[in-house]
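Some notes on the structure that comes next.
The values are calculated or read from the model by the stated rules, or taken from the named source; none is laboratory data. Being a predicted model, the structure only gives us computed values, none of them experimental. Here Cβ is always computed from backbone atoms with ideal geometry, including for glycine, and neighbour counts include all displayed protein chains. Ligands, DNA and RNA are excluded from the accessible area calculation, which covers all protein heavy atoms including side chains. Shrake-Rupley method; radii C 1.70, N 1.55, O 1.52, S 1.80 Å.
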Amino acid sequence: MIVVIRPHTPADQVEEVIREISLLGYTPSPIRGAYQTVVAAIGDETTHASLESLNALAQVERVLRVQKRYKLVSRESRPEGTVINAGGVLIGGGQFIIMAGPCSVENEEQLMITARAVKAAGANFLRGGAYKPRTSPYEFQGLGPEGLRLLEAARAETGLRIITEVLGERDVELVAGTADILQIGARNAQNFQLLIACARSGKPVLLKRGLSMRVEEWLLAAEYLLAHGNPNVILCERGIRTFETYTRNTLDLAAVAIAKQESHLPVIVDPSQGCGRSDLVKVLCRGAVAVGADGLLVEVHPNPAEALSDGQQQLDPESFRDLVDSLDPFVRAAGRHL
Ligand code: PEP
Ligand code: MN
């Protein structure tokens, strides 16, 4: 770290800062100018105490960090990129991955119709929430264990792998018993106890970006999963909250490009939560391919007008098939295949 001391600080006060830097475990290397001293503090910022607390000293002008706060998720630690095996499907390699299905698992007929349709259109994973994080307690909360049973039945019939959300620590074991990938939702992206419990489950985890999370915070949340022993993490950009009202959220494709640069983890884009409008999903999928995403998470419902959650953003099976068919040239242009 770099500690900048205020101009014209008396020598004894400069020495006080140097002493504190040593006490905190760093090797101080002062650079003394005519008016101002800057101290390079040499040490591993990810294992030593942060020197930011030195801002508390009146003679300290600024403390600058040199290293990134995340280590295990950073691209430097694995320049070649990570390929994750989720139930036999590889994510982050040459294949562009499609996860699709209803926002919520509602009943057997709804789920089976959707599963068959997305399978026929070329999806690799069936998505569907058995546990739903709803803004209002009066809205449909999901079928719970019955929803998990229906997802298992859909996998048995279609061969699609399952991705489904886990809402709380106490459900991790149960949901991990069904899921090929555990989804951590936007509202839980900084629920660190849940992240640790999901890491310990040993299942691959898809980590959504929180509604107002900076990329650094998102990567640090992923760092929790790796630091607790689970290397199988997929990042998912699903839109952030901004002042815009024409879309439900603002899909941040720049963050996808940054996440791909900064981290070796695969990145998936969820255009459905990302814009909240079925009419924009197709073009946003193309954008996701173009910025280097490794796959998509798309909501599909046999009859969106009757959906128990997120009807406005779900595609019907026909539109989904058209989306996948029309995506093929874009995926090829990006050097991938479906
Ligand atoms: C969902 O995928 O249906 C969902 C609730 O996602 P998010 O956590 O991104 O809002
Ligand atoms: Mn949804």
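Considering every residue within region 297-314, establish whether at least one is in contact with a strand residue (DSSP E or B) (Cβ under 8 Å, 6 or more places away or on another chain), at positive phi and not in a helix (DSSP H, G or I). Within region 297-314 (the criterion being in contact with a strand residue (DSSP E or B) (Cβ under 8 Å, 6 or more places away or on another chain), at positive phi and not in a helix (DSSP H, G or I)), the answer is yes, since at least one residue qualifies. Evaluation of K119 against the conditions (1) closer than 25 Å to R336 by Cβ; (2) in contact with a Phe, Trp or Tyr (Cβ under 8 Å, 6 or more places away or on another chain) shows that the sole unmet condition is (2). Among the residues of region 290-324, just one is within 13 Å of ligand 1 (Cβ to nearest atom) and of a type in the set (S, T, Y), namely S309.
Candidates S74, S29: the one that is away from ligand 2 (no atom under 16 Å from the Cβ) and under 30 Å from L211 (Cβ atoms) is S74.
Restricting attention to region 19-36 and to residues that are hydrophobic (A, V, I, L, M, F, W, C) and closer than 18 Å to P7 by Cα, the residue that is modelled with the highest pLDDT turns out to be I31. Of the residues making up region 313-322, just one is more than 10 Å from ligand 2 (Cβ to nearest atom) and among the polar types (S, T, N, Q), namely S319. Find the strands (runs of 3 or more DSSP E) located wholly in region 139-258 whose residues include 1 or more that are over 29 Å from C275 (Cβ atoms), and list them. It comes to none.
Does L51 satisfy being among the hydrophobic types (A, V, I, L, M, F, W, C), within 30 Å of A221 (Cα to Cα) and within 32 Å of the chain's Cα centre (by Cα)? Taking the combined requirement at face value, the residue satisfies it. In region 281-297 there is no residue that is β-branched (V, I, T), buried (at least 24 other Cβ atoms within 10 Å of the Cβ) and away from ligand 2 (no atom under 15 Å from the Cβ). Quickly run through region 84-117 and pick out the residues that are open to solvent by less than 20 Å² (accessible area, probe 1.4 Å) and within 15 Å of ligand 2 (Cβ to nearest atom). Of everything in region 84-117, those that are open to solvent by less than 20 Å² (accessible area, probe 1.4 Å) and within 15 Å of ligand 2 (Cβ to nearest atom) turn out to be M99, A100, G101, P102, C103, S104, V105, Q110, L111, T114. Of the strands (runs of 3 or more DSSP E) lying entirely inside region 84-132, not one contains at least 3 residues that are over 19 Å from the mean Cα position of the chain (by Cα).
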